[in-house]
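Worksheet for the structure shown next.
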Amino acid sequence: MDRRKFLSRTSGTIVGGLLLPRLGIATASADELPAGTVASSALDTLPGKRPLVRRTFRPPNFETPVELFREAYTPNDAFYVRWHSAVPEVALADWRLRIGGPAVQKPREYTHDEIVRKFKRAEVTAVNQCSGNRRGLFAPHVPGVQWGFGAMGNAVWAGVRLKDVLEDAGLAANALEVVANGSDAAMLTGPDFVKSLPMWKALDPDTLLAFEMNGEPLPALNGGPARIVAPGWTATYWIKAVADLTVSDKPFDGFWMKTAYRVPRGMFGDSGFQSQDTEQNSPITSIKVNSLIVTPAPGATLPAGRRTEVMGIAWDGGSGIRKVEVSLDGGASWRDAKLGRDLGRYSWRQWRYDFKPQAGPVTVLARAVARDGATQTEKLVHNPAGYHHNVVQRADYHAA
Ligand SMILES: Nc1nc2c(c(=O)[nH]1)N[C@H]1C(S)=C(S)[C@@H](COP(=O)(O)O)O[C@H]1N2
Ligand SMILES: [Mo]
């Protein structure tokens, strides 16, 4: 796959709301745009951001240029942006979090001050990756935002445990899901963006109500004043500008749960989200093990006969990275790359591989193996909404 060709390509017009009836999975609706919105891949700026790769302007969908993944933590001003709606702007002083619903004993409302005074600070380093990252690489093409490699980033998220806040409001024995809603309103063309989490994930001590990203207040574009951080799960669950939590005793059946963000049942293993599984499909949940070759950029000229270092990153849905293997002979033999510092099981991990290329074409393959034994796929596992692209990475160079 030639990344330069991909990045310079202009994606087409997105068709809205295509539904595959057999599986009951919405495709374009899953990570989509209203019909008629024109996608483009120009570098462009958003307030407070350095130039990012623009996929759509309204709503703002911008990805991080791959070379920025050289950094262990993705800087806030380079972090990708994905909205289904206009971006809400809420001042921290005006922000409130309402908790209620049929499975809450003491429905109530918190200010930011109350939350930080009452609950212990908590922090997690985690990859935030859009479910549709790399969708633009799918062949055959699938509708939706035509993301390249940059709908992801790694950051230190800080705030309080979602568990502490939920337990303070009193959970009833029949609590099944926590439904999170942000203060963004629905676009004219689509339903309000609302997502639910199973209780076990909402109560996981690593799941946060976060106010900070890399030591700074969350930028509004990335969900300030507060967002859900569900480490290991794709970013669709990381509700931004969160305003409302409903603890429910029934499976939440809003469009973005029931119809969108789904994969054929069993194609990617157990979802871990039983109350949302149907016979045909499951919600997309945890991130699949993956890697990325960051430098040198594909297409670069390498110095023949001299030491060259390939650098990349690898991550998964929270088991951690066991090893990254590199092949220089088309997959006939593999050698371990050197892993960088372990920044935590939800973080990505840097890796490096040294070699002396011989003059001529050079192809580098990279594949990560997670601690749970999972590895990347050799061929794309095609699915209607374009999720979980974790094909073994390939970069083509020329040595001279
Ligand atoms: N309120 C709200 N939260 C949201 C969304 C949204 O449209 N509205 N999009 C979700 C999706 S699909 C993704 S990929 C992430 C993107 O997070 P980021 O913009 O901080 O990179 O936010 C998630 N949280
Ligand atoms: Mo997403």
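The values are calculated or read from the model by the stated rules, or taken from the named source; none is laboratory data. This is a predicted model, so every value here is computed, not measured. Every residue, glycine among them, receives a Cβ derived from its backbone with ideal geometry; neighbour counts consider all protein chains shown.
How many residues, within region 358-396, are among the basic types (Lys, Arg) and part of a strand (DSSP E or B)?
Going through region 358-396, the residues among the basic types (Lys, Arg) turn out to be 367, 371, 379, 394.
Within this subset, residues satisfying the condition of being part of a strand (DSSP E or B) are 367, 394.
Residues meeting the conditions: 2.
So how many residues does region 45-69 have that are part of a loop (DSSP other than H, G, I, E, B), under 17 Å from residue 297 (Cβ atoms) and in contact (Cβ under 8 Å) with a residue 60 or more places away in the chain? Walk me through it before giving the result.
As a first pass, look at region 45-69 and keep what is part of a loop (DSSP other than H, G, I, E, B): 45-51, 57-60, 64-65.
From what's left, under 17 Å from residue 297 (Cβ atoms): 51, 64-65.
Among the residues that remain, those that are also in contact (Cβ under 8 Å) with a residue 60 or more places away in the chain are: 64-65.
Within region 45-69, residues that are part of a loop (DSSP other than H, G, I, E, B), under 17 Å from residue 297 (Cβ atoms) and in contact (Cβ under 8 Å) with a residue 60 or more places away in the chain number 2.
Which one of the conditions (1) within 16 Å of ligand 2 (Cβ to nearest atom); (2) of a type outside the set (Lys, Arg); (3) not in a helix (DSSP H, G or I) does residue 88 fail to meet, given that it meets all the rest?
Only one criterion is unmet by residue 88, namely (1).
Looking at residue 114, is it at pLDDT 95 or above and acidic (Asp, Glu)?
Values: at pLDDT 95 or above: yes; acidic (Asp, Glu): yes.
Judged against the criteria, residue 114 is a match.
Listed residues 136, 144, 170; which is within 13 Å of ligand 1 (Cβ to nearest atom) and among the small types (Gly, Ala, Ser)?
Details: 136 fails: within 13 Å of ligand 1 (Cβ to nearest atom); 170 fails: within 13 Å of ligand 1 (Cβ to nearest atom).
None of the other options fit; the residue is 144.
Find the residue count for region 242-257, including only residues that are touching an Asp or Glu at 6+ places or on another chain (Cβ under 6 Å) and part of a loop (DSSP other than H, G, I, E, B). It would help to see each step written out before you state the result.
From region 242-257, those touching an Asp or Glu at 6+ places or on another chain (Cβ under 6 Å) are 248, 252; that's our starting set.
Keeping just the survivors that are part of a loop (DSSP other than H, G, I, E, B) gives 252.
So the answer is 1.
Of all residues in region 139-167, which are surrounded by fewer than 17 Cβ atoms within 10 Å (Cβ to Cβ) and either in contact with a strand residue (DSSP E or B) (Cβ under 8 Å, 6 or more places away or on another chain) or of a type outside the set (A, V, I, L, M) (or both)?
First pass over region 139-167, keeping only residues surrounded by fewer than 17 Cβ atoms within 10 Å (Cβ to Cβ): 139-141, 167.
140, 141, 167 - these are the residues of region 139-167 that are surrounded by fewer than 17 Cβ atoms within 10 Å (Cβ to Cβ) and either in contact with a strand residue (DSSP E or B) (Cβ under 8 Å, 6 or more places away or on another chain) or of a type outside the set (A, V, I, L, M) (or both).
Going by the structure shown, is residue 126 touching a residue at least 24 places away in the same chain (Cβ under 8 Å) and within 13 Å of ligand 2 (Cβ to nearest atom)?
Details: touching a residue at least 24 places away in the same chain (Cβ under 8 Å): yes; within 13 Å of ligand 2 (Cβ to nearest atom): no.
No; evaluated as a whole, the condition is false for this residue.
Answer with yes or no whether residue 229 is away from ligand 2 (no atom under 16 Å from the Cβ), closer than 22 Å to residue 169 by Cβ and crowded, with 22+ Cβ neighbours inside 10 Å. Lay out the reasoning, then the answer.
Details: away from ligand 2 (no atom under 16 Å from the Cβ): no; closer than 22 Å to residue 169 by Cβ: yes; crowded, with 22+ Cβ neighbours inside 10 Å: yes.
Answer is no for this residue.
Kindly indicate whether residue 301 is free of Cβ contacts under 8 Å to residues at least 40 places away in the same chain, out of contact with any Gly (no Cβ under 7 Å at 6 or more places or on another chain) and β-branched (Val, Ile, Thr). Spell out the reasoning first.
Numbers: free of Cβ contacts under 8 Å to residues at least 40 places away in the same chain: no; out of contact with any Gly (no Cβ under 7 Å at 6 or more places or on another chain): yes; β-branched (Val, Ile, Thr): yes.
So residue 301 fails the test.
Hey, can you tell me all the residues within region 220-236 that are away from ligand 1 (no atom under 11 Å from the Cβ) and among the small types (Gly, Ala, Ser)?
Correct list: 232 only.
Taking the residues in region 219-239 that are free of Cβ contacts under 8 Å to residues at least 60 places away in the same chain and in a loop (DSSP other than H, G, I, E, B) as candidates, determine which candidate is farthest from residue 156 (Cα to Cα).
My answer is 239.
Testing residue 344 on (1) out of contact with any Phe, Trp or Tyr (no Cβ under 7 Å at 6 or more places or on another chain); (2) closer than 23 Å to residue 309 by Cβ, one condition comes back false. Which one is that?
Looking at each condition in turn, residue 344 falls short on (2).
Among 159, 136, which is the only one that is assigned to a helix (DSSP H, G or I) and either assigned by TED's automatic domain parsing to the domain that holds residue 245 or not hydroxyl-bearing (Ser, Thr, Tyr) (or both)?
Working: 159 fails: assigned to a helix (DSSP H, G or I).
That would be 136, the only listed residue that is assigned to a helix (DSSP H, G or I) and either assigned by TED's automatic domain parsing to the domain that holds residue 245 or not hydroxyl-bearing (Ser, Thr, Tyr) (or both).
If the Cβ limit is 8 Å and pairs must be 6+ apart or interchain, which residue in region 185-209 that is farther than 11 Å from residue 229 by Cα pairs with which residue that is among the basic types (Lys, Arg) and surrounded by fewer than 18 Cβ atoms within 10 Å (Cβ to Cβ)?
none
Being within 16 Å of ligand 2 (Cβ to nearest atom) and either within 20 Å of residue 170 (Cβ to Cβ) or at pLDDT 95 or above (or both): is that true of residue 73 here? Give the derivation first.
Values: within 16 Å of ligand 2 (Cβ to nearest atom): no; either within 20 Å of residue 170 (Cβ to Cβ) or at pLDDT 95 or above (or both): yes.
So residue 73 does not fit the description; no.
Sort out which residues of region 174-203 are in a loop (DSSP other than H, G, I, E, B) and touching a Lys or Arg at 6+ places or on another chain (Cβ under 7 Å), and write them in order of number.
To start, the set of residues in region 174-203 that are in a loop (DSSP other than H, G, I, E, B) comprises 174-176, 183-193, 203.
Within region 174-203, 176, 203 qualify.
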